[in-house]
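The values are calculated or read from the model by the stated rules, or taken from the named source; none is laboratory data. As the structure is a prediction and not an experimental result, all values here were calculated from the model. Neighbour counts run over all protein chains shown; Cβ positions are idealised from the backbone, glycine included.
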Amino acid sequence: MTAQATSSGHGQPVPAGSGTARRAVDPAFWRGRRVFLTGHTGFKGSWLTCWLSEMGAQVTGFSLPPATDPSMFDTLSLRDRLAVHHLGDIRDADALRRAIAAAEPDVVIHMAAQPIISVGYEDPVGTFATNAMGTVHLLDACRSLPAEAVILVVSSDKCYLERGGDHAPYREDDPLGGYDPYSASKAATEVVAHAYLKSFFSGDRTPRMASGRAGNVVGGGDWAVNRLVPDMARAFARGEPVVVRNPKATRPWQHVIEPLSGYLVLLQALAEDAAFAGGWNFGPAVRSLPVAEVVRHAVAAWGGDASAAMSSATQEWREAPVLELDCSRAAERLGWQGILDIETTIGMTMDWYKSFSRAGSATAMMDLTLRQIDDYARRAQP
């Protein structure tokens with residue numbers, strides 16, 4: 001089922017249609033559009049590659065090889081859907097600059113990142129080099145693009161400075177910062193984006209730029225380490241109980257399609273009006289939920305002998321106990337709102353993993369992925 005109203009971020013529902021008129025992803029805008037996408041071999045990048053290519057966009061990807069085995073990129077044979085497939089590292093400024101120049105993109109979407117909190121502790125230098133300096137390299141290369149180009153830097157809800165006991169939802173103008181290398185690197189990403197926006201992308205004859213900050217995304221095809229949903233999918237497929245860390249930790253859980261739709265809607269709006277430049281939160285339709293409740297929904301959605309055990313052990317890395325986003329700006333100014341409730345979000349996710357565990361072919365998994373995208377797109381129509 002879908003939610004009938006979306007959260008303002010403060011727990012107060014914003015009825016559909018409040019603020020500006022609701023916007024949805026417009027396939028006509030993307031048909032034939034040249035898109036340069038970094039991080040296309042990753043989880044979110046793979047979903048976005050599916051969506052953009054299905055709408056007729058000409059996608060050039062620039063990324064490291066898939067970081068996991070299995071990976072969604074390989075499972076769906078997404079190489080075949082790309083106009084150009086670059087294997088490259090965003091820390092290599094020259095290679096990135098050459099690829100962007102050759103692609104002559106209308107749209108640049110920067111998703112390549114080191115996305116794991118625990119890896120940030122293991123490799124802080126690499127995390128900052130990728131997330132902060134990689135963004136510098138990308139945006140500096142984009143300075144040569146024509147004024148008609150639009151750019152989106154994809155960031156994270158972890159970019160906000162943790163408030164301690166104050167659990168009010170984070171707004172786009174709240175202080176940035178981080179108490180761990182990953183979170184700090186995402187704050188640095190936003191600082192870099194803001195500096196380039198004000199210095200190089202604010203004139204009448206310059207490209208336009210925005211950033212998107214999303215919460216904890218879930219969905220089929222994520223196989224990253226130390227993530228709740230992939231851990232559950234692996235355990236359930238083996239017929240084993242999943243051991244759950246931090247059952248009381250609270251996050252803004254949302255299906256990966258939701259923030260991707262926000263990014264695409266934002267880029268459509270930005271192409272029309274420079275007033276949409278800057279940072280935007282894209283969160284779920286419902287308030288943030290504790291890990292234990294998400295696990296309960298996943299066990300029910302998988303069915304059979306799926307089970308979970310809550311662990312009292314303390315993990316080796318620290319992360320914020322509570323995160324919640326205020327998305328009222330996107331609802332009121334952009335006309336974008338999350339629409340999926342947690343039952344639908346987790347149900348879609350477990351359906352994908354169950355199909356994969358039954359040795360679904362590349363064609364079958366692609367069909368399921370596109371059905372989920374198409375179903376969401378229908379629900380999201382104004």
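Residue-by-condition table, conditions (1) farther than 29 Å from Gly360 by Cα; (2) modelled with pLDDT under 95; (3) not hydrophobic (A, V, I, L, M, F, W, C):
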{"residue": "Phe36", "(1), (2), (3)": "yes, no, no"}
{"residue": "Ser53", "(1), (2), (3)": "no, no, yes"}
{"residue": "Val84", "(1), (2), (3)": "no, no, no"}
{"residue": "Leu87", "(1), (2), (3)": "no, no, no"}
{"residue": "Arg91", "(1), (2), (3)": "yes, no, yes"}
{"residue": "Glu104", "(1), (2), (3)": "yes, no, yes"}
{"residue": "His110", "(1), (2), (3)": "yes, no, yes"}
{"residue": "Thr130", "(1), (2), (3)": "yes, no, yes"}
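For the criterion of being farther than 24 Å from Arg379 by Cβ and not polar (S, T, N, Q), Gly278 passes.
Taking the conditions (1) in contact with a helix residue (DSSP H, G or I) (Cβ under 6 Å, 6 or more places away or on another chain); (2) surrounded by fewer than 21 Cβ atoms within 10 Å (Cβ to Cβ) in turn, Lys186 satisfies each one other than (2). Residues that are part of a loop (DSSP other than H, G, I, E, B), over 14 Å from Phe36 (Cβ atoms) and of a type outside the set (Lys, Arg) do not occur anywhere in region 127-143.
Val150 meets each of the listed conditions (1) over 25 Å from Ala309 (Cβ atoms); (2) among the hydrophobic types (A, V, I, L, M, F, W, C); (3) surrounded by fewer than 23 Cβ atoms within 10 Å (Cβ to Cβ) apart from (3). Which of the residues spanning region 171-187 are over 20 Å from Lys44 (Cβ atoms) and outside any loop (DSSP other than H, G, I, E, B)? Leu176, Pro181, Ala184, listed by residue number.
Restricting attention to region 112-126, the residues that are assigned to a helix (DSSP H, G or I), out of contact with any helix residue (DSSP H, G or I) (no Cβ under 6 Å at 6 or more places or on another chain) and not small (Gly, Ala, Ser) add up to 4.
None of Ser144, Ser118, Ser155, Ser183 is hydroxyl-bearing (Ser, Thr, Tyr) and over 21 Å from the mean Cα position of the chain (by Cα) except Ser144.
If only residues of region 261-288 that are more than 18 Å from the chain's Cα centre (by Cα) and of a type in the set (A, V, I, L, M) are counted, the one that is nearest to Val192 (Cα to Cα) is Ala277.
For region 2-34, the tally of residues that are within 25 Å of Thr345 (Cα to Cα) and either modelled with pLDDT under 50 or hydroxyl-bearing (Ser, Thr, Tyr) (or both) stands at 17. Here Thr363 fulfils each of the conditions (1) surrounded by fewer than 16 Cβ atoms within 10 Å (Cβ to Cβ); (2) β-branched (Val, Ile, Thr); (3) within 30 Å of Tyr121 (Cβ to Cβ) apart from (3). Taking each residue of region 344-357 that is farther than 11 Å from Ala298 by Cβ and aliphatic (A, V, I, L, M) and looking for partners that are surrounded by fewer than 19 Cβ atoms within 10 Å (Cβ to Cβ) and modelled with pLDDT of 95 or more with beta-carbon atoms closer than 9 Å, six or more apart or interchain, yields Met348/Asp375. The set of residues from region 49-72 being touching a Gly at 6+ places or on another chain (Cβ under 9 Å), more than 23 Å from Gly126 (Cα to Cα) and surrounded by 20 or more Cβ atoms within 10 Å (Cβ to Cβ) comprises Thr49, Ala57, Met72. State whether one or more residues within region 89-105 are surrounded by fewer than 23 Cβ atoms within 10 Å (Cβ to Cβ), in contact with a Lys or Arg (Cβ under 8 Å, 6 or more places away or on another chain) and more than 19 Å from Pro230 (Cβ to Cβ). Yes, because at least one residue in region 89-105 is surrounded by fewer than 23 Cβ atoms within 10 Å (Cβ to Cβ), in contact with a Lys or Arg (Cβ under 8 Å, 6 or more places away or on another chain) and more than 19 Å from Pro230 (Cβ to Cβ).
Scanning region 336-382 for residues that are over 20 Å from Pro230 (Cα atoms), outside any helix (DSSP H, G or I) and over 18 Å from the mean Cα position of the chain (by Cα) returns Gln381, Pro382.
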